[in-house]
Structures are given as C-alpha cells and as structure tokens.
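Q: Please find one structure pasted underneath; my questions will follow.
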4 protein chains.
Amino acid sequence: MSSEIGKALKISVFGQSHGRAIGVVIDGLPAGEPVDEEELYAFMSRRRPGTSRLSTQRSEADRPEIISGLVNGVTAGSPLCAVIENTDTRSGDYAALTDLPRPSHADLTARARYGKAVDMRGSGHFSGRLTAPLCIAGGIAKQLLARKGIFIGAHLLSVEKEADDPFPPEPTPELFAAVAAKPLPVVSDGAGERMARAVERARAEADSVGGVIECAAVGLPAGLGSPMFDGIENRLAAALFGVPAVKGVEFGAGFAAAKMRGSVHNDPYIIENGEIKTAKNDAGGIIGGITTGMPLVVKCAMKPTPSIGRPQKTVSVSKMEPAELEIKGRHDPCVAIRAVPVIEAVTAFTILDILLEEQGHGND
Amino acid sequence: MSSEIGKALKISVFGQSHGRAIGVVIDGLPAGEPVDEEELYAFMSRRRPGTSRLSTQRSEADRPEIISGLVNGVTAGSPLCAVIENTDTRSGDYAALTDLPRPSHADLTARARYGKAVDMRGSGHFSGRLTAPLCIAGGIAKQLLARKGIFIGAHLLSVEKEADDPFPPEPTPELFAAVAAKPLPVVSDGAGERMARAVERARAEADSVGGVIECAAVGLPAGLGSPMFDGIENRLAAALFGVPAVKGVEFGAGFAAAKMRGSVHNDPYIIENGEIKTAKNDAGGIIGGITTGMPLVVKCAMKPTPSIGRPQKTVSVSKMEPAELEIKGRHDPCVAIRAVPVIEAVTAFTILDILLEEQGHGND
Amino acid sequence: MSSEIGKALKISVFGQSHGRAIGVVIDGLPAGEPVDEEELYAFMSRRRPGTSRLSTQRSEADRPEIISGLVNGVTAGSPLCAVIENTDTRSGDYAALTDLPRPSHADLTARARYGKAVDMRGSGHFSGRLTAPLCIAGGIAKQLLARKGIFIGAHLLSVEKEADDPFPPEPTPELFAAVAAKPLPVVSDGAGERMARAVERARAEADSVGGVIECAAVGLPAGLGSPMFDGIENRLAAALFGVPAVKGVEFGAGFAAAKMRGSVHNDPYIIENGEIKTAKNDAGGIIGGITTGMPLVVKCAMKPTPSIGRPQKTVSVSKMEPAELEIKGRHDPCVAIRAVPVIEAVTAFTILDILLEEQGHGND
Amino acid sequence: MSSEIGKALKISVFGQSHGRAIGVVIDGLPAGEPVDEEELYAFMSRRRPGTSRLSTQRSEADRPEIISGLVNGVTAGSPLCAVIENTDTRSGDYAALTDLPRPSHADLTARARYGKAVDMRGSGHFSGRLTAPLCIAGGIAKQLLARKGIFIGAHLLSVEKEADDPFPPEPTPELFAAVAAKPLPVVSDGAGERMARAVERARAEADSVGGVIECAAVGLPAGLGSPMFDGIENRLAAALFGVPAVKGVEFGAGFAAAKMRGSVHNDPYIIENGEIKTAKNDAGGIIGGITTGMPLVVKCAMKPTPSIGRPQKTVSVSKMEPAELEIKGRHDPCVAIRAVPVIEAVTAFTILDILLEEQGHGND
C-alpha cells in the first residue's frame, strides 16, 4: 500500500478499521505554528458518525492524541503524529462476509492485491474510518492556512437528484462557517431538507444514495502551481481520489465545460479595485495548472454507499457459485454527507503542501 | 515547473512550442523490448495537426528522433530520449498578445508563476504541442503493454451536445483499432458525422467546442493498484490532468454515480467461464483503488479551445485598462479531437508505470 | 524536516526525545509476513541504553507497541505503526543549555533551521533515541530478508585507535549472530577488550571516542540496483547518513581504494562451484551501482559523542559573548557501540526497499 | 535504471557512450536566470578528455546544445534540455569484450540487471562519458549559485599516495578559480607535480591509480537542510555516489573523526565579526544534517580506473572457464583527475536543489 502523499508536507496514514488504532504522521509542518486542539476536534466532529440520524449509529469519540511534534500547543518542526484508538469495533458483523465479497466494496480487490492476510475486518485500511486521520492533517492545515488568509469550505452540491445552490462566485469564510454549522452542510436550507428526505427514503428502503461535494478555497495567491504534472489540478485530484467513494473530480465548469462553446466558457479578464480578475470563474481558479487568484472550485462525485441492507447478488469465493448477501451492521446511507469535511481536509493539506513547496518551508 | 511523472517509469517532458525542439526522456523502460518506430509514428500521426479540416492547419512532420536508449530497435535499459524539432513556428502571430492575456489561456498565470522571462510564444511549455512527447511515451508504452495482452483505446464520447455511443462493456482491441482508423475517433459513425458538423459550425462562427473522451484499458490483471493515495484512480488522474484542457476526470459511472442509489450502482458479482466478474461495470474496473479485472474506464472532460477568432474582452496589463482581443492564427476548434490519442498515451504510460512498480522492473 | 525515506517500502519516523512518544510508520510491507515481536525486541535490545557500563545509564524499556498493520502476528498489507512511549525523560538536565549551544550538537543549526519553537529537549528529534524507530523498521526487515536467505550483520571495526579484524570475505549468518551476542559486537575478542579499555579511559577522562562500523549483507542476488542515482550505494548512503553521528560512508575498499593501483584494486573474476565470483571483494559487492552477488560491505565512520563532561568553549547566544559549558547528564562515551544494530537496521530496510521495488510488491 | 535525481530541481540524464547522443533535462530552474553558455562550456572543458597527457586521448568537442528552456540566454521556466552528440565512437575497441567481463567494470552486473539487451558498448550508460551531462547541470547551477554568493570548488586531495594540502579553513572563490586553472587541480603546485609523476608511472606500467577529491562550498546560509533523511549529507551522498568510481563519501573530518576523542573533534563556538562561527570545522559545515554557515567540506574516494592495459584474469561467460583479458583502447590512468569538476557539478546542483526546496522556487 502507499498511504503516503505530499512533497514538502508529507502525510502518512496508518491503521485498520478494527485494529488497535488509526492515525497519521505529518512531516514538514513549519515550526512555531500554534495548533488549537479544540478547534481541531470541533472540525473532526463534523465527520464523526452518530451525530445525526442520517449517518451510521456507531459511536466513537475519535479524539486524536497528538503524541509528537507539538510542544505546548505549538509545532516543533519535527513530524507530528496523532493517534485515534479504536474502541467500538464489533467485528462479528463482518465475520460472515469473508467468503461473500460485498459488491462495489474492496473485499475482492484487496484479496487480489494482498492475498489472504489482508485485514478486511470493517473494511480494514479501506474503511471510511481512515478518513479521520485525513481530517487531522487537514484540520491542522486549515489552521495554518487561515493565518495566511486562505479559507476552505465545502458543501453538499447534490444528493441523489436533489441539488443545492452552488457556492456564490466569491464565497466568504463566514459562509463556509455557516454552512459547516448546519445539520447538513448546504447553502440552501430548503435543499438541505430535500436532501435529508432523500437520504431518509433510501435508508427506509435499505438502500443508499450518492452525492456531489463542492469545495472552494479563497485567498489563494495567483501563480501557485505548475504546468503539466505538478499543477493544482493534478495534485488535488491525486489526493482527492484517496477519499473512499470518490469516483470523479472536476474543476470549475468541469464536465459541463465539455458541452460549452469557447465563447461561453472563456472567462473574460476585467479590472476590479485595481486588480485583474475574471468576470466569471468557469476555470475554477486554475488555468494551465496555476492559480488565477480567483476562488479555487473543485467538485467530487461520491458514489452511493456500497453497504446496503437489501439482498444483493454475489458469489461464494470458496464454492465458486452464485450466492446472495445481506449486509448487516451500521452504515451511512449517504457517505457524501460525512465526506464533506474530508474533502475540505484533503484540499487543505494539499494546498498547504503546494504552498510550502513553492514558497519555502516557512519557519519563522 | 515539474513536467516529470512516474515512479518505476519516469517521464520527463521538455520543450516550448516555439523553441528549438520538444521531447521526452523515459527512464525505466525494461531492457530487451522492441520498439517499432513506424508503429509509433503511426500512433503519433493520430494527434498530428493538419490531417483534417477539423483541426489546425499548421503542418508538421513531428517525427520523433530517438537519440538514446534504443539499440537496433530494442530498448537497452538506459533512458530513452526522443526529440522532435520545431520547424514551423511563426511567432509573429503571437507577438501582440503579450500585453493582452488571452482569456482561459495560461498567459497570465504563467506570468504570475514565472515572471517576465517565461516563454509564452505559441503558449510555450503550456502548448498543446507538448502533448506530442506524451504520445511518444504513451505510444511506446502501448507496444509493451500489448505484448502483455493489455490494450488501450479511446474515443470521443461527446462533442458539444453530440454524443457517441459509449464503449461496449467489454471492448476489444479490434474495436479500438477500428475507432482509431476513422476520420473522427468514434464508435458510431452517425455520431461522428453529427460531431463533425458541430465542429464545423463552431469554426464557421469563429468559435470552439468542448468534448468528453472515454478511454478504456482491457486485459489488466485484477489486483493492480493500492488503496488511498496510490490507487489507479489517483495515479491516472494525476497524469491525465497534465493534458492541457482536461477539466474533469471520472471513472466508471463517475458523476452519474452521484445521482444513483446503491442498489443500482453496485456491480453484482457473477461467475463467467470459471472466473469471478461483475455483471456490469459502473466501478470502471477499479474498487478501492485496485483493479477488478474488468475493463478500466476513465472519462476526461475537455474544455473548448480557448483560442477563438471572435473578439474577446480582456485587459491591457501595462495600462491596466479594459481591452478587446482578436486572436489570429491557426487553432483547433475542438482540442478534444486531437486529444483522443493523448489520453490513450497518458493512460498507457501510467498503467505501465504501475505494472512495473508492482511486478518488478521486468527485464528478461 | 523530512524523516521519511524509501520508495516501495516507506519509513516515516516521528517523535522527540522528551516528547510523549517516538515511533515509525512502515508503509509497503508485503502482506502475509509473520513478524516475531520477541525476536524484534531482542534485536532492539542490542541498541538499548543501560545494558553495559560502556553506554549511558538512562534505563528504558523501549518496547515498541505495534498499533496497526499486524493481525495475529502477520502483516496485513496496511501500514505498520509502532510506538514507543517516552518514560524516563529528565529534561532538567538540558534546561540550561538553550542559551549555550553544545559544540558539534545540532542545538544551533536546529535553531537556524526551525526557529525558537524547535524542541531540543534531550536533542529532540535529533536525538540518538530516534534510532529506536529505525531499529523497529530494520528489525522487521531483517526477519523478512532472512526468509529470502539474505542476512545482515555488523560489528565495531574500530574504536578510537583500536581495530577489530574485518569480516572474513564471506561472512556467515552464524558469525553475525555470534558477534551480536557479545558484550561488544566484535569479531576478535581481544579487539573487544582493547576497545572496552579505550572507551573506559575516555569516560574516566570525561571524554568520548569515535569508531567505525562495518556492515555486511550476504545472500543478495546479483543484478540488484541501478546505475547512476538509483544504485545500491546511493540508496544506502542516503539512508545511513540519517543515523546521527555518521560522518562517512564507504563501500568495499572505499577510501583505501583511492591509494591503490588498478592492478591491485580490480577484483578478478573466477569460477567457483559453477558460478562466476570474484577472487576478492574490494568492490564491496557493488559495481556500477548493482550487486555482484558477493557480500555487500559498507563501513560507516561514527564521530565521537559530542556530549562530553569536560568544560567546553561555546558562546552565549543571548549575550553574544564567549562562554564555557559543562554538559551534565548521562551520555554514551562511544555512540558507535549502540549504533551497530542501527546500521544493520538501516541497511536492512534499505535493501528490502530496493528488493521490493525491483522484484515487485511481493504479496503472496 | 533511474538516472533521475532531485526534488525542486530535477535532473534526468540520458544516453549511452556509443549511442547517438547524451544529455540531460533540468526541470525546476527558476525563470529569468541568465545562463552564460561560454562560461558553461569553459567549465565543461575541465572534464573534457584529451586536454592533457594524463587523461585519455579520445578527442571530443562535447559542446552541449541547449534545445529547450532557454530564450535569449535566459531561463524561461520550462525544463532545460541539453544534448551532446556522440561523434568519436570507435566501438570496435570493445567488441571482443562481451564474453570476457572486465574486472571491476559494470559489464557483468549490467548483464545481471538488464539482460542481454543492455548496451555496454564503451560502457554504455555506465560510462564516465555520462558525467558530461552532470557537468551541464552543475555548471548551470554554479552560475545561479554564484549570484547568491555561493561558490563551489574542488581539488585533488590525493592521487595514489601523493597528497595535496587540504583547502584552507575558509577557502575563497579566487582560490577555487586558481586551482581550476592549473593543469592538475591542486592547491600545492609541488603536490601537483608529484601526482603527475605518479600518474605517469602508472600509465607507463599499463596501470592506473585512485585518488581523493575534496570539494568545498562557501557562502551557504546557516540552517539549510533537515535532520534524518533529508540532511545535506544524505542528499549529497545520494548524488555523489552517482559519479562512476566514487566508493566513499565523507564530510568534514569523516573517517578521521572515528579515531578522535570528542574533546578534539568538537568544534568550539566563537564570535567573529559579530557572528557565531566555529573555531575549526571538523563538522564540514554540517551538524544534524543542517548547515552551520561554515564551509561545507565533502571528500570523495575515487577508485583507480578499472580499465588497465596489463593482462587480467577473468572468465569466459559463454564457456564458463577462466580467461585472460587485455584491454585495448584509450583510458584515463586516473579517473579522479577528470572527476574533479564532476564532483563540483554534482555538489552544485544538489545544493541548488536544496536551496530551491527550502526557500521556494525563486522566480523573480
């Protein structure tokens, strides 16, 4: 496996869903940066299961312990390691599944890749639970970025067929905070209610739904990133596809751009308050891999939770014959909901990585 | 800049559109592999400008010279360098543009990133011309992969609002070859005609159109790739966003999955000819970052060519005042067309990289 | 900082000497490999302080807890994280030192690099204590390598002016084990006694001594490694200079080769038992960055422990005036002794990394 | 193979000794930096064969052509590719050698690694000729570093048993220039004469000699580098072992430190002109992987040229029986001589890489 990413800021994620602990090492954080653990915990709570009827009922404190890299709440230059103990792990739920691979789960591919020794209890290292360490890294990155005037927010752009309003052309940190504080992170409360009902319907039918997450970053300097393989898009996509269930990533108009004429898609340059901007932002803040200075806008397609309660067709690996599978246990009917802060987090640590790489290691 | 990518197989692209030459170094090719230069040249001809009325009239031989790494047509283990001379470079066309950044081109972001010294003649290193070296690397990779029974093909899934049929669930190398041989690389000839008309219309109106490219790889073993940051999706997306004009990348159902229920999206396991397969392939051949053994399917959204003939709003950087810009010169009205083999190429060398990484360096 | 290394096998070390814990994440271990924790602990005990009068009296259990990556003693494919709690940390000893940088310690360079926030209590992340996580990674790598018939051993080739016999041309695993079991890891017991006296003399004089460690690996296949920047020597040197106090690394005859004639240095090829070997091994088992199949031999120069009891000249950073410093506390008079298993460990995980990279990820 | 190195500044070397061309791609050079091609060529001439009786008589222009990355003599931000045509390649000299591997040459290891397809004509990619591209990269890096007040010089510290004076504690750019201008790059002319005689004697006896190169860098800021695996020593050693014939690398006192007491080896801090310095520099300008601000001093052990004229014992690979080999052709009796600028070059581009990584990409 390679659960490491980053150049100037290296993230190394470890742990399995039902092992002793999960966690992350963050190597390359500038020294002298305060880390507010309460703020971090508050951020992490946004992805925590059990906070609403719309997500899994498994309850976990998920409070990370920072065991290195921090002295009196300030980064010390050395790698920061944070650990979350696994406490609520009922492996029994998964025991019967080893012979019957769950459709659209990694059960079978993990076996093909790692052989029989792979730990797939609770989906092991493939579990959505491993997004908690991503949130640690991203939550810390968000604190550092905020001090540089860079803010990142995300919301549910759609759930199944219910759509939220997109972020406005120039979203504010206040909007990001307001969205994050809602039961469902949306711009339009009406959309949130419709989404909640769609999720409820799916749950009631022992089914699940997908969704799209829109994430924006404001305050980025123009000129960040590089062409070809080291562009903002390359780096973000490489990281975002690390979030389980992401099946598509687009920037700005994205796939909609493919249906447009150039005369419609091109963003005309204008001057506003003595600065060059674009009149609109179909580029999503990136041209040629490099930031324009306009808000960075990225959208991620999240597939519906593969664990559903209704019977599914699968095969018995040992008998090589058709079988039926009914997945028990607690599962989010819509992983997109809890993934909102995860997408924010991954965007945050990737941007901080690029910033540190291009502007130097940033110690005071 | 970083125009390098790859782990076991490292690709390093160099050159500017109007410099002396462009090219690529490929480090890590197994030794003892024949490279058929005629086949390579035939592949590269698919992206060559000037072959149809639907693309730019600039004529170039674009025949690469392999100056290292090959002895008597066989790879020698040492890095392969291939160079293409730039011959037809009329920089005059671009001279007036330095003060008036072209909307949705990298003119201004490149300046923000590299300062005044950046070479943006003909879009410099950001030019679509730099996809020729990508095709060299990918064309060679395709030859090696074919010997392993792995074949890669692509087609125009849509142009503006005109849609081609998607690839069938299990596309064959023969289909890939047939599609590639057409004037427009499509599955349905009727779709190709509609697309050609859409492109013609745009050209006649001094405008451009976007499109979507679908690319598939067949013959991949199950169990290739890794979870989290080293998955097939991460690696392919990181490479594919290096192709100019790509604004979105999705796998399998992609963004459509976000609108689905789990009961619809999940791919049931079945047994066929004694092997475990999935009854359909909304996963695009990848679960948990790892290949399932089903065809890998990736789609790329290509934005419309930003260079359009009609007048556009921009600003004068020197005077900091609004300005109007009319782009002269020869430009593809639809970059998606010529990008089809490029997407194939990037997919090919990325897959070969992952194969070599996971299976060893592969010398005989 | 970057305390990460490796390509196929990635090692990420974290922790400060007087923080809560130190540890390591090992990403890329093949799945299905048993890890004998008792054997690992026995290996780690070889570097433990407090086991002899010749090293520091600080006592630590240093028993690592493996919190991920292992299920029932077998690697699960996912990253392995091991943590060692810091228990015996008397920071008071170091409190006075912040203004008076210790000569040849990283106090001042760490400050120049990271600013005031850097944690240098007990030398922080720069401490020799951070070699414990290296031993975890290397100890596990040694177990995997042994199963492939590859064995690694090391001994004190010299301490101050006292020299041990070098390893014989083809050392055996039994010799490695015998050397490791001695109070001082040496080939010749007489040499060990002379070295012990040299260390005692230095300690009695509140001084310290340097030494050279010779490390050998047997059982390596021929053809491992690559020319230029990915050779065995490049990779090993890059890792070995990560061990505190290493100031020189040489392979085979090393610096002695520089005094030789080619006719003396060249290793003639011979045939032995139907295999091509070299009559001697001044190459240290590596030519052109690639293994010959003969034992790999690397030597590391270890500087004398910079912490010495006698008064030293330094400066007061706050007053910018000359000052005298007397270092209190417990310090090894010869870091080379405890570094012997560390050099073995770093050699081991680097070789395993190269093996996995060149031969594939190695899951069953 | 991996002939690539670097993080912020990536060097990718290509070519075989008797192929069409050799060269290098340098990715990551800041934009806007003048490159003086005459100065570069003058630097490269220092390693050119045929300039003295002490090196091989093969004559080559070795003038690099820069085919990308430079516009009007100024870096453009895009990767710089430079190519040197191979013109004087008499492969006949080597034809008979394929069955009789030359002792201490890579003939046999290359075969083990790459199989029969490897191109070993003139040692192929393993040839000392491949140090010319390293000099291109290093020569350009030296020009950029000089503008930052950083200067790098090297000399022959010893040849066989003849020793030059070491560099003084604080060598100047003027000394570096004076040494480089001599027939043999030495500090003491008397030493140069003795060395020349030693080389002549070896040549007359159809033999060769090794040597040690000392390289220093002055003007480096304090605080450059990182602990553990990203230290200056790790990075330099990883690059320097890429130079053929290097068998040992040491910093400061290096292996001599292993014979010292701490009280002798430790560098006391002093104040000089309001700055903290060390009274001497046994650390070689690096403590804890990080620069002290004192001159960086690194020494490389170069083995004697393996190609010697006198008969040598080897084996016939096809017959698997002992054989005798007499190497014809033109060979340096002392590769250390021509390697002096190569060591400078590799040191230069590695330092520039670290600077760019830690201080940002450095575009104006």
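The values are calculated or read from the model by the stated rules, or taken from the named source; none is laboratory data. No experiment lies behind these values; they were computed from the predicted model shown. Counting neighbours? That spans all protein chains shown, and the Cβs are built from the backbone with ideal geometry, glycine included.
Q: Condition test on A:A206, is it more than 30 Å from D:P30 (Cα to Cα) and of a type in the set (A, V, I, L, M, F, W, C)?
A: yes
Q: Name the pairs whose Cβ atoms lie under 9 Å apart, with the first residue in the range B:217-241 and farther than 13 Å from B:D353 by Cα, the second assigned to a loop (DSSP other than H, G, I, E, B) and of a type in the set (D, E), and 6 or more positions between them or separate chains?
A: B:V218/B:E170
Q: Moving to a separate point now. Only one of these is β-branched (V, I, T), within 14 Å of chain B (Cβ to nearest Cβ) and part of a helix (DSSP H, G or I): A:V199, A:V212, A:V179. Name it.
A: Among A:V199, A:V212, A:V179, only A:V199 is β-branched (V, I, T), within 14 Å of chain B (Cβ to nearest Cβ) and part of a helix (DSSP H, G or I).
Q: Looking at the range A:284-307, is at least one residue free of Cβ contacts under 8 Å to residues at least 12 places away in the same chain, charged (D, E, K, R) and touching a helix residue (DSSP H, G or I) at 6+ places or on another chain (Cβ under 7 Å)?
A: no
Q: What tally of residues in the range A:234-246 results from selecting those that are in a helix (DSSP H, G or I) and aliphatic (A, V, I, L, M)?
A: Initially, the range A:234-246 is screened for residues in a helix (DSSP H, G or I), giving A:234-240.
Subset that is aliphatic (A, V, I, L, M): A:236-240.
Total meeting the criteria: 5.
Q: I've got another one for you. In the range C:194-222, how many are closer than 30 Å to D:V118 by Cα, surrounded by 21 or more Cβ atoms within 10 Å (Cβ to Cβ) and either within 16 Å of the chain's Cα centre (by Cα) or not hydrophobic (A, V, I, L, M, F, W, C) (or both)?
A: Within the range C:194-222, residues that are closer than 30 Å to D:V118 by Cα, surrounded by 21 or more Cβ atoms within 10 Å (Cβ to Cβ) and either within 16 Å of the chain's Cα centre (by Cα) or not hydrophobic (A, V, I, L, M, F, W, C) (or both) number 2.
Q: Tally up the residues in the range B:107-160 that are closer than 16 Å to A:I287 by Cα, in contact with a strand residue (DSSP E or B) (Cβ under 7 Å, 6 or more places away or on another chain) and among the polar types (S, T, N, Q), please.
A: Qualifying residue count for the region: 1.
Q: Any idea how many residues of the range B:131-156 are buried (at least 24 other Cβ atoms within 10 Å of the Cβ) and either at pLDDT below 95 or outside any helix (DSSP H, G or I) (or both)?
A: Residues that pass the stated criteria total 5.
Q: Go through the range D:66-85 residue by residue and tally those that are in a strand (DSSP E or B), at the interface with chain B (Cβ under 8 Å from one of its Cβ atoms) and of a type outside the set (A, V, I, L, M, F, W, C).
A: Total meeting the criteria: 2.
Q: Of all residues in the range D:58-68, which are at pLDDT 95 or above and in contact with a Phe, Trp or Tyr (Cβ under 7 Å, 6 or more places away or on another chain)?
A: If the condition is that a residue be at pLDDT 95 or above and in contact with a Phe, Trp or Tyr (Cβ under 7 Å, 6 or more places away or on another chain), then D:S68 is the only one that fits.
Q: Are there strands (runs of 3 or more DSSP E) fully within the range D:247-364 with at least 1 residues that are facing chain C (nearest Cβ under 8 Å) and of a type in the set (F, W, Y)? List them. Spell out the reasoning first.
A: Working: elements: D:269-272, D:275-278, D:296-302, D:312-316, D:321-325.
Correct list: D:269-272.
Q: Filter the range C:73-101 for residues that are of a type in the set (D, E, K, R) and touching a strand residue (DSSP E or B) at 6+ places or on another chain (Cβ under 7 Å); which is modelled with the lowest pLDDT? Working first, answer last.
A: The initial filter retains those residues of the range C:73-101 that are of a type in the set (D, E, K, R), namely C:85, C:88, C:90, C:93, C:99.
With touching a strand residue (DSSP E or B) at 6+ places or on another chain (Cβ under 7 Å) added as a condition, the list becomes C:85, C:99.
Details: C:E85: 94, C:D99: 91.
In this case the residue turns out to be C:D99.
Q: Which residue, of B:E162, B:E205, B:E174, B:E200, is charged (D, E, K, R) and within 29 Å of B:D36 (Cα to Cα)?
A: Answer to the check: B:E174.
Q: Which members of the range B:106-123 meet the condition of being in contact with a helix residue (DSSP H, G or I) (Cβ under 8 Å, 6 or more places away or on another chain) and within 7 Å of another protein chain (Cβ to nearest Cβ)?
A: B:A106, B:A110, B:V118, B:D119
Q: Moving on to the next point. In the range A:265-283, which residues are of a type in the set (A, V, I, L, M) and either closer than 19 Å to A:I232 by Cβ or free of Cβ contacts under 8 Å to residues at least 12 places away in the same chain (or both)?
A: Passing the criteria: A:I270, A:I271, A:I276, A:A283.
Conditions tested, residue by residue: (1) modelled with pLDDT under 95; (2) buried (at least 24 other Cβ atoms within 10 Å of the Cβ); (3) closer than 23 Å to A:F126 by Cβ.
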| site | (1), (2), (3) |
| --- | --- |
| A:N281 | no, no, no |
| A:L296 | no, yes, no |
| A:K303 | no, yes, yes |
| A:M320 | no, no, no |
| A:G329 | yes, no, yes |
| A:V340 | no, yes, yes |
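Q: I've got another one for you. Taking the options D:S55, D:S104, name whichever one is assigned to a loop (DSSP other than H, G, I, E, B), of a type outside the set (A, V, I, L, M, F, W, C) and at pLDDT below 95.
A: So the residue among D:S55, D:S104 that is assigned to a loop (DSSP other than H, G, I, E, B), of a type outside the set (A, V, I, L, M, F, W, C) and at pLDDT below 95 is D:S55.
Q: Can you find, within the range B:223-233, the residue that is surrounded by the fewest Cβ atoms within 10 Å (Cβ to Cβ) among those that are part of a loop (DSSP other than H, G, I, E, B) and at the interface with chain A (Cβ under 7 Å from one of its Cβ atoms)?
A: B:G223
Q: Which one is nearest to A:A154 (Cα to Cα) among residues in the range A:1-51 that are more than 9 Å from every other protein chain (Cβ to nearest Cβ) and of a type in the set (F, W, Y)?
A: A:F43
Q: Here's a check for you: in the range A:12-38, which residue that is closer than 15 Å to A:L145 by Cβ and assigned to a strand (DSSP E or B) is farthest from the chain's Cα centre (by Cα)? Steps first, please.
A: Of the range A:12-38, the ones closer than 15 Å to A:L145 by Cβ are A:26, A:28-30, A:33-36.
Filter again for assigned to a strand (DSSP E or B), leaving A:26, A:34.
Working: A:I26: 17, A:P34: 24 Å.
Of everything passing the filter in the range A:12-38, A:P34 is farthest from the chain's Cα centre (by Cα).
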